[in-house]
Each structure stands twice: as structure tokens, then as C-alpha cells.
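Below: one structure, written as C-alpha cells.
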Protein chains: 4
Amino acid sequence: MPPRKPGRHFFANPGPTNIPDSVLRAMDRPTLDFMEADFLEIYDTARAGLQKLLFHGGEIFFYAATGHGAWEATMVNLFSPGDTVLIIGGGYFSSAWAALTEKFGIHVDLMEVDWRRGADIAQIHEKLAADKSHKIKAVCAVHNETSTSVVLPLPDIRAALNDARHPALFLADTISSLGCFEFRMADWGIDAVVGGSQKGLMLPAGLAFTAAGPRALEAHKNSTCAKFYFDWTAMLGRRFRSFTGTVPIVPFFGMAESLRLIEEEGLPNVWSRHARLAGATRAAAAAWASAAGGVELYCQDPSRYSNSVTTILTPEHINADSLREILREQFNVSTGGGLADLNGKVFRIGHMGDLNEPMILGTLAAVEMALTRANIPHGNGINAAMEALNGA
Amino acid sequence: MPPRKPGRHFFANPGPTNIPDSVLRAMDRPTLDFMEADFLEIYDTARAGLQKLLFHGGEIFFYAATGHGAWEATMVNLFSPGDTVLIIGGGYFSSAWAALTEKFGIHVDLMEVDWRRGADIAQIHEKLAADKSHKIKAVCAVHNETSTSVVLPLPDIRAALNDARHPALFLADTISSLGCFEFRMADWGIDAVVGGSQKGLMLPAGLAFTAAGPRALEAHKNSTCAKFYFDWTAMLGRRFRSFTGTVPIVPFFGMAESLRLIEEEGLPNVWSRHARLAGATRAAAAAWASAAGGVELYCQDPSRYSNSVTTILTPEHINADSLREILREQFNVSTGGGLADLNGKVFRIGHMGDLNEPMILGTLAAVEMALTRANIPHGNGINAAMEALNGA
Amino acid sequence: MPPRKPGRHFFANPGPTNIPDSVLRAMDRPTLDFMEADFLEIYDTARAGLQKLLFHGGEIFFYAATGHGAWEATMVNLFSPGDTVLIIGGGYFSSAWAALTEKFGIHVDLMEVDWRRGADIAQIHEKLAADKSHKIKAVCAVHNETSTSVVLPLPDIRAALNDARHPALFLADTISSLGCFEFRMADWGIDAVVGGSQKGLMLPAGLAFTAAGPRALEAHKNSTCAKFYFDWTAMLGRRFRSFTGTVPIVPFFGMAESLRLIEEEGLPNVWSRHARLAGATRAAAAAWASAAGGVELYCQDPSRYSNSVTTILTPEHINADSLREILREQFNVSTGGGLADLNGKVFRIGHMGDLNEPMILGTLAAVEMALTRANIPHGNGINAAMEALNGA
Amino acid sequence: MPPRKPGRHFFANPGPTNIPDSVLRAMDRPTLDFMEADFLEIYDTARAGLQKLLFHGGEIFFYAATGHGAWEATMVNLFSPGDTVLIIGGGYFSSAWAALTEKFGIHVDLMEVDWRRGADIAQIHEKLAADKSHKIKAVCAVHNETSTSVVLPLPDIRAALNDARHPALFLADTISSLGCFEFRMADWGIDAVVGGSQKGLMLPAGLAFTAAGPRALEAHKNSTCAKFYFDWTAMLGRRFRSFTGTVPIVPFFGMAESLRLIEEEGLPNVWSRHARLAGATRAAAAAWASAAGGVELYCQDPSRYSNSVTTILTPEHINADSLREILREQFNVSTGGGLADLNGKVFRIGHMGDLNEPMILGTLAAVEMALTRANIPHGNGINAAMEALNGA
């Protein structure tokens, strides 16, 4: 192992996220038969808590998988080769969703959009209205595009579907929004939700899920994609209504605890805390950006700012990763890099999950010092963040 | 939660297995970016250690998945719809392997065998020799059939392939053998190996893998099965040559430690310890079986006894699960139940992973007391086990 | 570090004891100011739970110390140089109590007794009756003498005090009895109790305490022994009514959990479990002893058998420690050795705290195998233990 | 339990200190016989590492105790009733040391000094020179007075002793300096050192020690203070040359790891890191103090600034504890309060142990926001701290 850097590691990568100690401890436990009463109770508690977090009363299919596995599971269970789906572009993750979908013979209409503003709702409406034959089987939206830090207003997309009287399923990827800011599956008319353990749920990566509403379960019956590991029909016949093979017990002990922490804090308080800390981050970024030749907020539409992550453009001549290296090597702070086309051009500050004021302020102060060390002109971000938090 | 039963839980279920405390502690750690140097080093260490354990110098594709996921990954990466594979039956797991394979349009020739003795090598040879057109693309064997506790002699199968000059790939499922008794991928001419984290590797469930030799990698190039999450080609282009999506770091910190423990003990010592404790278990079972109307060893071929699990038949009028319930409720001992057709007819004592003499003796004494409480006639098993261990 | 021995370590030393995983996890937590509300609540909960366990409504003075420190604290807070106390002998620990007391200028009348039977109550009565001038300020009894496994009937000693109308304080050392078998401070008229964390409380060593009733607190006012670290008067003025210096928070998080476990199981059930497992141990020992030239139970008065530890004499020509070494090196089982005069002559099996049937049976089976390997003649102990547990 | 505050707790109390996760995990382990080889090796490793940290080749007596216990142990082992010692005053802890010493009949000459500047070396020299009869048996100095954040220059005191050709023992309390800034026992001619686990050693409270050089061991032989629990003579006869009663194993597993971390980082680097972070803290404090009517650094002699803690005076009309409450309740930051006479007048920022830039910056930003919320005028401290760290 490389020598440990002293002090606590500041993990400001937009996922995975910081895991509360009590969640880590809940997962640090001996093996148990997954059919034991102890586990069944924990499982049912965690599942019910997750339904509550989703505002969803229906099925949740859990997989031992990453979020990409949950995407695949969702598509192969809902659609058939030859079907067409509309995926709203806007960043690395929506593109990846499209790419995987095509692998299974499903046609994808990937709507191209300005990555710095996110999709135009009117354009979505137009597409749906034009699809008189209802060829589009589903509209797929990434709620919070983690690569760009742009949020899509899901209720507006539902309104577009309703207005166009289009019967397409509405699918949302909430991997980096759930547990961070408002999301309501049932109220917003979302038929299937893809989620993962490693962000707002404050757990390690490796558990992912699809929440499926009644229309999704109905659509599943007609799906002909080949599947086994991710097959919902088989899952519905098992005790856990989830999983193929050995049920991993560890994440559920963690999830029961992380959902208990969210419940104890109160979900609206969790959301407002994320808003507050995100606001401080953006205040710092705006102040840094005030200097000519400096950084810039990537998202250009303030109504779509993300409360879980902030993507920041570095000046053209500066590789964002060199800034990240200063942060990592000199300050023990981990930030996210740019994905695909944004590689080297942006860095991303994650502010989701188990976070508070001194954590984000320590991170922002380190970023500001790194800007200084990298000779990037910048305004006084840390004071702006403190003022934002103090409501000034 | 139901009230905790006092004292340590004796986990004698044939997987998952007991996790050493130092492995649990290694996994109880804060989040880290999976691209951090600290993790890269751990990952590379764990991967190299696993190659050594497998006696394999080639690729290992890791998945966030259960063992069933690794099966699926292996089949969809190696074959194409319309291909034919020979799966050697013999228990619940070989049947499941066959069932999943067929889901992807691959024809399965499931060789039926006597579950209590395992496959006849001559019959395998015959099948291969008869396949003059080499329609059979692969021979698939479950090394240790966890449901029946019957071991297949993989070198004999390789010899049959060689003797028949058949070019089929040779695939082995080592989920419940690797790290428990002898397995040598390269020496035994095995082209692809399916393994999981939760047995001999002494880790929680949720990580699985395929080790792929050169012929498997070559075959992969022609595979046309639809795939994304499990796609090897995409994996080969990534830093980790594994995984789709966020790399789960936790199991690798655990694996580095569990492989260090195996290395420290010495693999031959690990194998001989398994043999010794398995021998004691079978000695107890044989002694119990000496009473008329009592239990019986399921496996009828002593040359195929498993050193990782022992399946025991209960008398016809006794539901094996009632015995397991006594063990669980009155003794805090967890054993495995019968799978599929064997449900209620057998119980299974796992003796794999992190186990020693007093652990197995405590388990066997509890089983013997449970036999008494369930009014099942039995001889003196515990003394037989002690004598076996004392070399009497 | 020496290489780890595979499998779980069987800790059958009579203290410290096995610590439940949930207690270990409760103590595995970051630092906290001991004046924080979180800690105050845990502290008060643990203290109230300990009062309940003691059947005591008064003060508890906690010390960062071993049990020896609590002895010292108790003596220097209650007495003055020149005072006389009666200490009931019977083993290593009562002798040590006497030795320490004398260090502080307090005269000790150490009543000599047959170590294999414990004190004669009549003799105690006689001593007290003879002390017309009430020179004896206290009667000090070790409830469970851990070195010999002989229990003193405390209510009988209280009766002797009452009968003799003697005003001496009654002090009990419950270090290896509390939480293991019946003890009732108030009902039994005990004025001060010395206890430690590392046995029935299932915590690591390092925390000890004195529970003080009203007569002890009154006596304290007249004590002139020099003291600072252990001074009760100063403690009574602090928030915690305990401790000098930084309050160690870790053991209280553990104690809150261990007392919760005891409460959940039910104290009478905890006592009967200890009785049951102790009975099995003695049944094994009796069976081993049935062979000529073999081992022998040390305690010769069955009415005083200990339910927390069993001391076993080895044959004269056998050093008990060689047997213990076989257990440790070949079976990963730790037993206790003989203390002082008993060194090399006895070994001790601890059966206190977080223990169940398979744990004790695994231990006893290992002891029996070690007897075989050491060529010590022995009967069939493990079967006797199993029969005892099965109520045969 | 009160609801958990989200995010990581920022512990900036001057002791105990932040415990690295790997140290917590090393202590989270099952029970072991303290005579086991595994423990002996860890113990010897930890002891040797501590000797190295102390620059001391002699005895170390460990106690299950707080630092106050180690003080008591040191005094009762070195002196006799009627002896006289010179204790250099200057804060809460030196006064407490004096108070305890007197409890044991030892005369204390407590040298009164200006708490905001610490002792005048000339005055110490004068005292020693005047003591022609060598009545003073020892000079006792608190290296880092945690209550005032004033450091005493120990080599200067040694020079005064030498210059006065005074044979008094030289005792130092290094509880809050060892592992934080330079301390060299042998080179500085210190005869006995009192230390504790909970500060620079980054362990929980509950383990304390005295390091004793040859002159101290010689002096011990003549000591007549009553003692048992802390008696060095008895300890020297035991395997561990330490402890009375059950050896607590847990802190040694932690200490072996914390000393390994210090070794890995390099002690000079540990010291310079403490200097750097302390400098940033003082830069912030100086900037805050620049506003009229605001806070003030307590220590008035820059040559005696402490690198492990900074004491800050609040304006007269402000109770420092109200500021601390804002920090605790609104920012999840724990700071230290004023002790004894300083109660309510100061707050203390601990910056010792496992600390880095973003940790201290997050803390300082929170303090600055709390100053704002408490309407205490203040300059821009966080920017001053960042400039200090950036070497501006």
C-alpha cells in the first residue's frame, strides 16, 4: 500500500459517497443464512424504507450489480428486440444508457441536447406528439446527470407525456438524485426507476435496483429479451421477490441503518441540507469564476442546478486533472474528473449523502488553495460559501 | 430484530462461509475513489493472488454479481444462439446452469447422471467420441456439486476430451471448491472457470468472476449473444479489465486479506485442513448412520466425497428441515437444507473456509444432540469424529 | 505477528471473556467529547443498567483501572491506616486482596480455609461473635474465587453477621460472578461491591468499579488513607460521579450494548444458561475423572461449584500447562492456567459471558482430544456433557 | 440517543483526539489471552515504538488509568511523605498535579507564574540555586499546558538545573505534546515522563504510562508512599514490566498501529505537519483578533505557542461556551472549553493527532461562521489560514 495520507480523507467525488460510521459498522458482521429470521426482518425493513424514500408502493427488484446492471435489467425486462425507446440525452450517462439499450436490439432515439442546459421540454413534447403510432415504448430520463450536474424536471416530462396523450412508459434513472433532492415516483407518474446503493443511500457500490410500478410490470409480461440473472418473472417467485443466486446480506444491514438515519433526520431536512451545501458550493464556484481567465460553472441554467454535484470547467489551457491531483496529493481531497468528452476539461465536486458544513467548507477551502497553487485566477470562493451558509 | 441468540453463531451452511475477523475489518473502511493509488494496489494484489490460487496466468473478469451472474457472463461471452454445449448433470447447480444457458438460445445437452455418484467418465468420453462433427462447443462441469456433495474428477474429464481429440472448451464451476481442495486451472486444461467470493475465498456474497484462458478468449471473439453488463470485450478496454460501472472496492480489500491468510497458512495446508475436518464430519456421519433407521451419507462413491460440504439424508419420515430448525433455534447452528428435489430430504454441513477442529466438533456435537432430540436413531458420531481427528 | 491459526479462536480462559460482535462494533467508533449529549445518555443508560444487574440503587464509582485498581479504590476509600478487616481466604484472589490491603497500613485478618472447599460459615460466625469490641471493620468475601472455582454463599455470610449482631461492613468481589449467576447486592445486605468489565459484562479489561451502599458512603467519610485518583469524595462532585481525569467513553458504548443483550435475553435466562453450560462442563470433567490416574475436579463441595469457571487438577506427573499448550497450539483453544501455588497443577475452563452449547462442546471435545494426545487416562467426557445438556 | 447530526463529527477538542480508522479497526478484535504469543509480540512492538517516540531507552510502566493516574503513579513511586517537589505552575493541569501530590503528604512548592506567558526560566534557576540543601527532590514541568496552550522550553529548564548543579529529578508531563512536537527524553535529561494514550498517540483514553530513566528507578527504591495498583517494584517482576491485574490488550493493538502510522509518515513530518496546521490556526486567530472588541490569542509569548492546541479568549461579555454550543449544535464541531478560572472565558481548538488541511480549514471556517452568528466582531481568519498554509 502507498503510505496513508494523514488525517481524514475528504471524499468529494460524486459517488460513491461518504458512508456514515454506523452504516459501516452495521455491515461489519459475521455471515448469516439469508433465510434466517434476523435477516428477513432486516430485508423487509430496508425494502419498506426504500419504498418510502421512493414514494412508491410497488415492487423493487434488487440485483447484486452496479447501476449499469440495473439499467440492463430494466431494459431487458421491459422491452423486446425491435422496440423503440426515446432516451433524453445530455451527458455521459444518458449516452451510456442508450448504448447499452442498443446492444439488446432495441432501437434508441437518443434526443440530442445542449449538455450545459439539458433537454428542452418543448422538444420532448414535440417528439411525443409527432409519434402518432405510439412507436415509442418508453421515455427514459436521467434525473440528475452526474457528468454535467444538470437536473431534468421530471414532472414537466410527465406533463409532456400526458399532454401528448402518449402511452409510453416513463423511466427515470435516480442514481445520483434519490435521497439527495426531491423525487416522487408515484406522484410524478414514473413507471420504472433505476437506482443504486452508492450515492444518496450512503452505501458501498454493488447493489442496484429497479422500482417497478403496475404499468412496468404489465409491460414486462410481453418482453422477449433473453435474460436469466436479471429476470423479474423468476424473481417474483422467490421469497425476496429479487435476486438470482445467493442473496447478499451485507448491504441490507447497511441500508436498514442508512434509511434509519434519513428517517431520523427527516427527508425534507435531508433535501434542504443538500440544497444548502450545494448552494454554498455554487456560491464558491461563482466567486471563483468572477476572476477573468478562471473557472466556470458548467451548468448554464440555474433552474437546473444539481444539489448533489457541481461540475466546474477549468480554463482551456489547464487540464482539470492536474488540479485534481493537487487536491488528492497535497490535501487528501478526492474530486471527480470529467467523463468522456469532458475528460480533462472539468472537475466535479460531489456534495451528496452524509455531508455537513465543515466538510464542504474544508473541501472548498482546499479547492481554492489548489486553484492558487495551480495559478488559476480566482475570486474569494470560501467567503462566498460561508456567506451563503450564513444567509448573507 | 428477533432477539439475538447468545454466544457465537455456528455457521455450517455450505456457503456463504465464515468470514475471518481480519477480513471483516479490512472491508470496514471509508469510501475511496476506485482510481486512487491505494485501491489500485489492493486490486492488483488481490487479482494476482487469485490467479495464484487458480493456478492460472490469464484474464480474470470480475463482476458485481452472484455466482449465477458469473455463469451467465461466461455463457453469453463464449457462445452464440444456436451453439450446443454439454453440461454434466448431477445436482441442483448443474441443472440451473443448463436452464440459464437455454435462456440465451444455446442448446444444452444435459447429461443425466446418478446424483448420488456423479457422472460416469466413460459416458462423457462416449458422448464426445460420438460427436464427430464437433457440434459440442463446450463441456461444462460443476467441480463440487454443493447440493449433493459429490466432486467431479476434472482431470479425468480433461483426459476424456483429449482421448476423444475433441476441441470443445472445458468449463468448470469452482464456486464451492476453490480454496477448499485441489484445483489447477492450467494444469488441468480448463479454459474457463466460474467462481464466487462467498465460499473458499471467505468473503460476503456479491462478487463473482470468470477466469478465462487463451482458448476462451479466442472463442469469445465469435460470440454473438447480446450483452452489455457482462461484456468481456468492453471490460478488456478498461483499467481493471473487469466490471461495468462503478468498481466495488470493498470486496477487494477483503480479498487481499483473505488471500494473505491463505498464503500465510499455505495452500497445501488449507487443503489438508479441509480434508481433515471433512474426514471428521464423514466419520461422524458414518457413525450416526450405523444405527438402523437413521441418517445416511448422500454421496455413495467414497472417491468423490467432498471436502467442503457433506450432504446427509434423513430417514424418510423425518423432514430434514425440522432437524435444521432444532439446530438453529436450540443450538444457534445454521446448516444447509436440501435444494429442489432434495428439499426436506437432506441437510448439508458446510465445512469450508475459515474452520478448525473445535468449530466442527461443536457443530457435530450439536447435530448429534439434535438427532437425539428429533428421536432419530444414531450411533456415536462425535467420538468417531474425534478419533478420526486423532488419527485413530 | 505469529501466523494466525485458522478458524475462530476458542477463548475458554476464565476472563477476559468472549465479547459479542455487536459490543465490539459499538466500541468501534470515533472520538466524542465526554460532555456531549450523545455520551451522557449512553453513560446514564449503562450506569442504570449496571445498577439493575447489581440489584443496587446507589452509587457506582467507575475507574479506568483493572479489578485490582477497584480493590485498592474500595479499601482506601473505606478504611484508615490502623483499621482491621477480615478477608475470607480461599484462593489466589482473596490472598491478593489481603496483600494489597496491608500495603495501605490496614490490618488484615486473613482467614485460612481449605481451598478445595472454601470457607466454613461457622468459622466466620465464630470470628465475628468473638470480636466483641467490633474491631473488625469489614468482612471481605470473593464471591467466585476464579482461581479455585469455589463459590461463597454470600447470604450465609450476611446471616452470620446478622446473627453475631456485628456492624462490620460486608464487601464482596463479584468480578467473576456478576452477570453469570445470582447476585443481589441490596437483598443480601452487601455494602460495597467490586466489579470489572471483562467477565460477565463481556467487555475488554480496563474498566472497573465499586458499587457503594449507604453504609459504605458513610464509612468513607472517616477514611484517612491517602488517595487522589480513586477518591470518591472528589468523584461525587463531578458530573459522572466517577472518574478522575478524561472519562473513557469507549467502554460505556460497549456496556450499554452488553447490558441490552443481557436484558433482551433476560437475566434469569442468562443465569440458567450459565448453570446449564457449567453443568455440562462438570459432567465432562466427572467423566474424565472416572479413569484411574486421570484428572480431578478441584472443588470438592458440590454446593459450591462455580457456574462461571471450572478448575481441573491434572495428575501429579503432568504439568497442566503442557495440556494447555496442546489446546492452544493444536486446537486454537485458550484455557486458564493455575495461579500461584496451583501453577502447573490445574487448568481452568472459563464458561462465562457470551457462550452457548456448540461453543462449550467444541471446547470440551478439544480438551478431551488433548487429554488423549497427552496420554492422560480419561473417561468419555463429551458424551457426558451432551447427556447433561439433553437432560439425560 | 439524541439524533445523530449529519456528516462527520469534527472533533477539535484538545484531547482525546481523532483516531484513524485503521487504529479503530485494529482495536475491534476478539478477546485474547494476554499471555498469548500474538499479544506478546504486539505488546513488545508497541513498547519499543513508544520508546523510540520518547527518545528513551529505559522502562515504561503502563497503567490502565487516565493521565491523572499516571501522575499519581509517578509521584507515589518516586517520593515519600515529607519530601518536597517544585511544580512549575501555569495552568489548570500544573495546579492539579500539585494538588494530587499534596494528597500523599509530599510538600509542593508550586511556582506561580503568568498563565499567559508561562514560567520564567530565570526564576526557576533562582529557586534551584537558592536551594543549597537540595531539599527540592524534583522539578515538575507540564510540557504543553493544555488549558492555556503555552509550551515550556524543557531544555532550558534542564540547563537551569545543570547550571545550578542541582540534583533534583526532572519530571515532565508530555500528555499533550508527545507525538505532536519535539520531545526528547534522554537528550533533554528528563528522568521521568508522564504520558497518556488519548492525544498524540491517537488512541482512546484509558491507558497511561510513566517512562522512567535510571535516576528515577534509583529514586524509586527509597519511596515509602503506600502503593499497590501503581507499584513499580511489583511491576518489574512481571512479564510485561507493567500493570497490576489483567493486562488490557486492546490499546496495544491500537498503539502498534498508531505508531506504525507515525513511523510511516516520519516523526519529523508529523512534527512539521503539526507546526503547519497550528500556524494556520494562529493565523486565523490573529486575523479574527484584528477586529476591535473581538477575540484574542490567550498565549502572549510567541516563542511558546503550542503546536497542539490554541486557546482563544472571547470578549468579556461573551460566554465562550455559547460560541462552543453554536459550533456543536449548528456545525457538528466540538471544541474545548475553559478549565477552572478560564471557564466561560476561552475556547480551545485542538489541532493534534490525525489532522490535515481540509480538517483544520473546515473547523476554522465553522468557527468563523460561529463568530458571525454570535455577533463577535472578527477579521477574515479563514483566508489568513489559507495564506499561511500556502506560504504567503
Original post:
Placing +1 at every Lys and Arg Cβ and -1 at every Asp and Glu Cβ, with all other atoms neutral, what dipole size does segment D:43-145 have around its Cα centre, in debye to the nearest 20?
Top reply: 140
Original post:
What angle do you read, to the nearest 10 degrees and between 0 and 90, between the alpha-carbon axis of helix B:250-265 and the longest principal axis of chain B?
Top reply: 60
Original post:
Got the relative contact order for segment D:1-147 handy, in percent, Cα pairs under 8 Å and 6 or more residues apart?
Top reply: 21
**OP:** Hey, can you find the accessible area per residue of the protein assembly as shown for me, probe 1.4 Å, expressed in square angstrom?
**Re:** 31
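Please tell me the relative contact order of segment C:282-381 in percent, rounded to the nearest whole number, where contacts are Cα pairs under 8 Å and at least six residues apart.
On the way: 162 pairs, mean separation 35.6, N = 100.
Here the relative contact order equals 36 percent.
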Original post:
What is the residue of chain A with the smallest Cβ distance to the axis taking A onto C, and what is that distance in whole Å?
Top reply: A:R25, 2
Subject >> Residue-count net charge about B:V150 - beta-carbon cut-off 9 Å; Lys, Arg +1, Asp, Glu -1 >> reply: +1
Subject >> Whichever aspartates and glutamates have a C-alpha closer than 18 Å to that of B:K135, once near sequence neighbours (fewer than 8 apart) are set aside >> reply: B:D83, B:E102, B:D109, B:E126, B:D163, B:D191, B:E218
Original post:
Under 18 Å Cα-Cα from A:K227, which lysines qualify once same-chain neighbours fewer than 8 residues away are excluded?
Top reply: A:K103, B:K103, B:K227
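Strictly greater than 13 Å: what percent of every Cα pair in segment B:186-244 meets that?
Working: 1185 of 1711 pairs.
So the portion of pairs separated by more than 13 Å is 69 percent.
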Subject >> For segment A:331-343, Karplus couplings with θ = phi - 60° (6.51, -1.76, 1.60), whole Hz, Gly/Pro x >> reply: 10, 6, 10, 9, 10, x, x, x, 9, 6, 4, 8, 4
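Which shape class, rounded, prolate or oblate, goes with segment A:63-189 when its Cα gyration tensor gives a ≥ b ≥ c as root eigenvalues, a/c under 1.5 marks rounded, and past that a/b bigger than b/c marks prolate?
Since a/c stays below 1.5, the shape of segment A:63-189 is classed as rounded.
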Subject >> DSSP loop trypsin sites (Lys or Arg not before Pro) with at most 14 other Cβ within 10 Å: longest gap in chain D >> reply: D:242-392
Subject >> Net charge dipole size for chain A [Lys, Arg +1 and Asp, Glu -1 on Cβ; Debye, nearest 20] >> reply: 200
Original post:
In whole Å, what is the distance between the alpha-carbon centres of segment D:89-119 and segment B:149-227?
Top reply: 74
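Using the Kirkwood radius over C-alpha pairs as Rh, can you work out the diffusion coefficient of segment A:142-296 via Stokes-Einstein at 37 °C, viscosity 0.692 mPa s, in µm² per second?
181
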Subject >> Relative contact order (%) - criterion: Cα under 8 Å, at least six apart; region: chain D >> reply: 23
Original post:
B:A138's amide H: which non-local residues (gap 5+, or another chain) put their own amide H closer than 5 Å, with H modeled 1.01 Å from N in plane and none for Pro or chain starts?
Top reply: B:L86, B:L169
Original post:
For the protein assembly as shown, rounded, prolate or oblate, judged on the Cα gyration tensor with a ≥ b ≥ c (square roots of eigenvalues), a/c < 1.5 rounded, else prolate if a/b > b/c?
Top reply: oblate
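Give me the percent of the accessible area of chain D that comes from carbon and sulfur atoms, probe 1.4 Å, all protein chains in place.
The computed percentage sits at 51.
Could you work out the equivalent-ellipsoid semi-axes for segment B:1-129, taking the square root of 5 times each eigenvalue of the Cα gyration tensor, largest first, in whole Å?
Working: eigenvalues 250, 112, 48 Å².
One finds semi-axes of 35, 24, 15 Å for segment B:1-129.
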Subject >> Selected from A:S272, A:I349, A:G69, residue furthest toward positive end of dipole (chain A; charges at beta carbon) >> reply: A:G69
Original post:
What gaps in nm, shortest first, separate A:P302 from its twins in the other copies when you place the label 7 Å past Cα toward the beta carbon?
Top reply: 4.5, 8.5, 8.9
**OP:** Hand me the GluC sites (Glu not before Pro) from segment D:108-177 located in a DSSP loop with no more than 16 other Cβ atoms within 10 Å, in residue order please.
**Re:** D:E112
Original post:
Taking Rh as the Kirkwood radius computed over C-alpha pairs, what is the Stokes-Einstein D of chain B at 37 °C in a medium of viscosity 0.692 mPa s, expressed in µm² per second?
Top reply: 152
**OP:** One decimal, nm, shortest first: give the distances between the label point of D:D114 and those of the same position in the other copies, each label point 7 Å from Cα along Cα→Cβ.
**Re:** 6.6, 7.7, 10.0
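Quote the charge dipole size of the protein assembly as shown about the Cα centre in Debye, to the nearest 20; the model charges only the Cβ of Lys and Arg (+1) and of Asp and Glu (-1).
The dipole of the protein assembly as shown has a size of about 0 debye.
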Original post:
Which parts of segment A:220-262, residue by residue, lose 10 Å² or more of accessible area when the rest of the protein chains are there, as against the chain isolated (1.4 Å probe)?
Top reply: A:A226, A:K227, A:F228, A:Y229, A:F230, A:D231, A:T244, A:G245, A:T246, A:P248, A:V250, A:L261
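Given 20 °C and 1.002 mPa s, how large is the Stokes-Einstein diffusion coefficient of segment B:292-334 in µm²/s, with Rh as the Kirkwood radius over Cα pairs?
D, rounded to a whole number, is 180 µm²/s.
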**OP:** Per DSSP H run of n ≥ 4, the term is -39500 (n - 2.57); total these for the protein assembly as shown, divide by its residue number, and report the mean residue ellipticity at 222 nm rounded to 500 deg cm²/dmol.
**Re:** -12500 deg cm²/dmol
Original post:
Taking K and R as +1 and D and E as -1, what net charge do the other residues with C-beta under 14 Å from the C-beta of C:A283 add up to?
Top reply: -1
Original post:
Once segment B:1-56 is represented by equal point scatterers at the alpha-carbon sites, with solvent omitted, what log10 I(q)/I(0) does the Debye formula produce at q = 0.20, 0.21, 0.25, 0.27 Å⁻¹?
Top reply: -0.98, -1.02, -1.14, -1.17
Subject >> Rounded to 10°, Cα long-axis angle of helix C:92-103 versus longest principal axis of chain C >> reply: 30
**OP:** May I have the pair-distance distribution P(r) for segment A:203-281, computed from all Cα-Cα distances with 5 Å bins from 0 and rounded to whole percent?
**Re:** 3, 11, 15, 17, 16, 14, 11, 8, 5, 1
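As a test of the definition: with a 1.4 Å probe, what buried accessible area, both sides summed, do you compute for B against D, in Å² to the nearest 100?
Details: alone 16040 and 16000 Å², together 31650 Å².
Heavy-atom accessible area buried at this interface is about 400 Å².
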Original post:
Which far-off residues, 5 or more places away or on another chain, put their amide H under 5 Å from the one on B:L110, with H placed in the peptide plane?
Top reply: B:I87
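Let a ≥ b ≥ c be the square roots of the eigenvalues of the Cα gyration tensor of segment D:63-131; is it rounded (a/c under 1.5), or, if not, prolate (a/b larger than b/c) or oblate?
Numbers: a/c = 2.49, a/b = 1.40, b/c = 1.78.
Oblate, because a/c is 1.5 or more while a/b does not exceed b/c.
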Original post:
Angle between the Cα long axis of helix C:357-373 and the longest principal axis of chain C, 0 to 90 degrees, nearest 10?
Top reply: 60
Original post:
For segment A:333-392 and segment A:8-66, what is the separation of their Cα centres, given in Å?
Top reply: 29
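The values are calculated or read from the model by the stated rules, or taken from the named source; none is laboratory data. These figures come from a predicted structure and were not determined experimentally. A quick note on method: Cβ atoms are made from the backbone with ideal geometry, for glycine too, and the neighbour counts reach across all protein chains shown. To get the accessible areas, we keep the full protein, side chains included, count just its heavy atoms, and leave off ligands, DNA and RNA. Shrake-Rupley method; radii C 1.70, N 1.55, O 1.52, S 1.80 Å.
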